[in-house]
Amino acid sequence: MDIRTEFTDLLGEIEDEMRVVLGERDGHARPLYEMLAYHLGIDKREGPRGKRIRPLLGLLVYQALTDDYRTALPGAAAVELGHNFSLVHDDIEDGDVERRHRPTLWAIWGVPLAINAGDALFALSRLALYRLLEGEKVSADRVLSLMRIYDETCLALCEGQFLDISFERRTDISLAEYNEMIGKKTAALLGASAQAGAILATDDQETIDAFQRFGYDMGLAFQMADDVKGTFWSAEESGKATAGDVRKRKKTLPVVWAFENAADEDRERLRKIYAPRIRATDGAFAPDVDPLLGDAEVAEVIAILERSGARDHAEGEARRCRDRALETVAGLPIAPERRAELASLIGTSIAV
């Protein structure tokens, strides 16, 4: 069972809350909000939407501690809007013209308007948090605490993206650097989402910290599993282009592992393939644009990764982080059915 099937009702309420935050806007800037609704997948067009793992995690944590979820909906919407501001900017930075099988914002409306749309999503995500104050169910002090966590997490996202982009020009990346990058770019927001759900529900710091660790480990496992998927899975298995991360020369966990652990000859060949390149454009050189790898080089890279044990290592690390998250869930003071929901979210979102 996939996430959208298992958690249909909760996901529907998250999306309704995002629509409320976007609002019925009038005036000449209304097309901006139509752009945002399109990117979020909450417009009237049919098509795939995001999994909403991050906001769903926060709701499930709050529900596990209170047996309700409605009070936490504004926080869940804030997390998803914040996540999507980073995706809009990521698409521009990576030059991706498609997301969720639809054209990206910048591919339709151009880079300047897409950057502005991403900025708008960030502002809306913070405004969504203020909705927690409506109805006086959540104290101002608690909301202020969430604001600080949210801003610190967004800064971590920016640091993680900086590392990810800077890695594109390097072939000497260590596993420690990789782990820091995914910790900030991916795991931080999942950890913060779980932490926020707990903060809204309890004052027990030990419980709050345990949920933050749970979300963070889940985020590590999610990214590592996604690296395996983008490197070794077929298009039919992953829903993405076969070996798309290899073709783009992404510094994923299997590649970073092979940089350190492949046989000398394979390691040197891999570094040569992944070395920064320059291509000519209309007679001029564009040093910041790298060409995609061809089919022969993609096949060669995958063969090197398989020989080095990179796939086994990456899958093993993803399972280790997943199992650590499951162990944390097992020790939390929540009802068995709520524990099962959190474990199911891990199982449906992390395939290793």
For VAL21, all conditions in the list (1) touching a residue at least 60 places away in the same chain (Cβ under 8 Å); (2) in contact with a Leu (Cβ under 6 Å, 6 or more places away or on another chain); (3) under 24 Å from GLY215 (Cα atoms) hold save one; what is the number of the exception?
(3)
Scan the stretch 90-101 residue by residue and report those that are modelled with pLDDT of 90 or more and surrounded by 16 or more Cβ atoms within 10 Å (Cβ to Cβ).
ASP90, ASP91, ILE92
Among HIS28, HIS39, which is over 17 Å from ARG102 (Cβ atoms) and either out of contact with any Gly (no Cβ under 7 Å at 6 or more places or on another chain) or without any contact (Cβ under 8 Å) to a residue 60 or more places away in the chain (or both)?
HIS28
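Residue-wise test of (1) in contact (Cβ under 8 Å) with a residue 24 or more places away in the chain; (2) assigned to a helix (DSSP H, G or I); (3) closer than 26 Å to ILE208 by Cβ.
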{"site": "ALA120", "(1), (2), (3)": "yes, yes, no"}
{"site": "ALA123", "(1), (2), (3)": "no, yes, no"}
{"site": "ALA128", "(1), (2), (3)": "yes, yes, yes"}
{"site": "LEU133", "(1), (2), (3)": "no, yes, yes"}
{"site": "ARG142", "(1), (2), (3)": "yes, yes, yes"}
{"site": "THR153", "(1), (2), (3)": "yes, yes, yes"}
Residues located in the stretch 147-188, provided they are over 19 Å from the mean Cα position of the chain (by Cα) and of a type in the set (A, V, I, L, M, F, W, C)
MET147, ILE173, LEU175, ALA176
Scanning the stretch 44-73 for residues that are farther than 14 Å from THR8 by Cα and small (Gly, Ala, Ser) gives GLY47, GLY58, ALA64, ALA72
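Residues to consider are LEU10, LEU57; find the one that is over 19 Å from LEU124 (Cβ atoms), touching a Phe, Trp or Tyr at 6+ places or on another chain (Cβ under 7 Å) and assigned to a helix (DSSP H, G or I).
Numbers: LEU57 fails: touching a Phe, Trp or Tyr at 6+ places or on another chain (Cβ under 7 Å).
Answer to the check: LEU10.
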For LYS51: the one exception among (1) among the charged types (D, E, K, R); (2) crowded, with 20+ Cβ neighbours inside 10 Å; (3) not in a helix (DSSP H, G or I):
(2)
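The values are calculated or read from the model by the stated rules, or taken from the named source; none is laboratory data. Computed from a predicted model, the values in this text were never measured in an experiment. Heads up, the Cβs are rebuilt from the backbone with ideal geometry, glycines too, and the neighbour counts pull from every protein chain shown.
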